[in-house]
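Below is one structure, written out as structure tokens; the observations come after it.
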Amino acid sequence: MCPRSLAALLVALLALARPCASDAQELNCSVSVSYSNLEGSEFSFLDELEKEIEEYFNEENWTDDRFQKTERISCNVELFLQEALSLTEFRAQLVVATRRPIYGTSQQTPVMRLRDENLEFSYTKGQPLTHNLEQYGDLTTVLDFYAYLMLGYDYDTFSELGGTPHFEQARDLAELAQANGASGWTPVGGRGRVALITQLLESRYRPFRRALFRYHLRSLDRFVGKTEAARQSALEALQAIQAADEEVSRRYVLDLFFAVKSEELAALFEESPLQSEAYALLSQLDAAHLSAYESLQ
């Protein structure tokens with residue numbers, strides 16, 4: 001993939017980022033749609049929605065960068081239809097998750113995973129999903145928003161604050177939805193789409209995003225060849241997150257990070273000279289997953 005920034009250029013020179021290549025799309029999403037909660041056989045047309053959403057994510061060019069097929073961002077999107085408000089209007093939950101490869105290994109690391117429990121949209125049999133960033137759609141704008149959110153998170157792991165343009169596009173989509181009075185686009189209790197993208201772009205959260213980059217590039221990607229240096233970098237990333245945590249009042253972004261990273265962090269520090277120090281930090285930052293860190297005591 002073409003360099004994302006000066007930092008990404010340096011990454012590319014180290015063979016850690018994606019080189020410029022073919023015109024393959026950026027996302028490689030596996031999509032599932034479940035409507036088992038809906039009663040009646042009249043909703044069988046929703047089978048086609050799964051293919052529609054998968055093609056929507058995977059066949060669109062979301063950026064001006066080029067990706068090889070093997071470089072596309074791995075993601076999973078699960079749509080659970082909870083209630084039929086009519087034959088064509090639905091209330092649903094959406095689960096979005098992405099992964100990224102760990103350099104020098106065959107493994108992947110989870111980057112983000114979240115559940116959106118406040119989705120309402122309309123869909124009729126044979127309805128195409130049309131990509132238009134300037135026009136609000138109760139389903140397509142949500143899909144666009146999460147496409148750019150996934151891109152932003154991924155780019156942030158390869159270059160410092162590299163995801164900013166994509167987060168900004170997601171914010172523009174949120175503002176478009178709000179201007180149309182759409183449901184599901186209000187920051188309730190510091191959670192939800194608007195709260196998340198607001199936090200990601202606030203200056204107070206930049207230290208966290210820089211730590212996200214440091215953790216993936218200088219820790220995970222170096223772990224095989226420079227294990228102890230990688231652990232030290234991971235500890236420094238946690239210390240930066242601790243400093244950021246002290247500066248913010250709402251920590252939705254941080255909670256999402258620890259929700260996908262707790263087990264990985266425990267495994268990374270286990271049986272290392274830094275495990276006690278890591279446990280002290282993690283137990284303070286992530287009490288919700290304290291059981292995951294028991295092996296570090």
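What follows is calculated from the coordinates using simple rules that are stated; it is not laboratory data. Quick caveat, the model's predicted, so the values are computed rather than measured. Cβ sites come from the backbone with ideal geometry, for glycine too, and all protein chains shown count toward neighbours.
Which residues, taken from the range 221-263, are within 19 Å of Ser295 (Cβ to Cβ), among the hydrophobic types (A, V, I, L, M, F, W, C) and in contact with a strand residue (DSSP E or B) (Cβ under 9 Å, 6 or more places away or on another chain)? Those that are within 19 Å of Ser295 (Cβ to Cβ), among the hydrophobic types (A, V, I, L, M, F, W, C) and in contact with a strand residue (DSSP E or B) (Cβ under 9 Å, 6 or more places away or on another chain): Ala259, Val260. Here Thr88 meets each of (1) exposed (fewer than 14 other Cβ atoms within 10 Å of the Cβ); (2) free of Cβ contacts under 8 Å to residues at least 40 places away in the same chain; (3) not hydrophobic (A, V, I, L, M, F, W, C) with one exception, condition (1). Here Ala266 clears all of (1) closer than 18 Å to Val111 by Cα; (2) among the aliphatic types (A, V, I, L, M); (3) surrounded by fewer than 16 Cβ atoms within 10 Å (Cβ to Cβ) except the condition numbered (3). Annotation for the range 163-184: at least one member residue is surrounded by fewer than 24 Cβ atoms within 10 Å (Cβ to Cβ), touching a strand residue (DSSP E or B) at 6+ places or on another chain (Cβ under 6 Å) and more than 17 Å from Val77 (Cβ to Cβ). Consider the range 140-185 and keep the residues that are outside any helix (DSSP H, G or I), touching a residue at least 60 places away in the same chain (Cβ under 8 Å) and touching an Asp or Glu at 6+ places or on another chain (Cβ under 9 Å). The one that is nearest to Leu220 (Cα to Cα) is Gly162. The combined condition, being more than 16 Å from the chain's Cα centre (by Cα), under 18 Å from Asn58 (Cβ atoms) and surrounded by 18 or more Cβ atoms within 10 Å (Cβ to Cβ), is fulfilled by Leu139. Residue count for the range 68-85, restricted to those that are crowded, with 21+ Cβ neighbours inside 10 Å and under 18 Å from the mean Cα position of the chain (by Cα): 4.
When you scan the range 72-79, do you find a residue that is farther than 23 Å from Phe145 by Cα and among the β-branched types (Val, Ile, Thr), even just one?
Restricting attention to the range 72-79, the residues satisfying the condition of being farther than 23 Å from Phe145 by Cα are none.
No, there is no match, as no residue in the range 72-79 is farther than 23 Å from Phe145 by Cα and among the β-branched types (Val, Ile, Thr).
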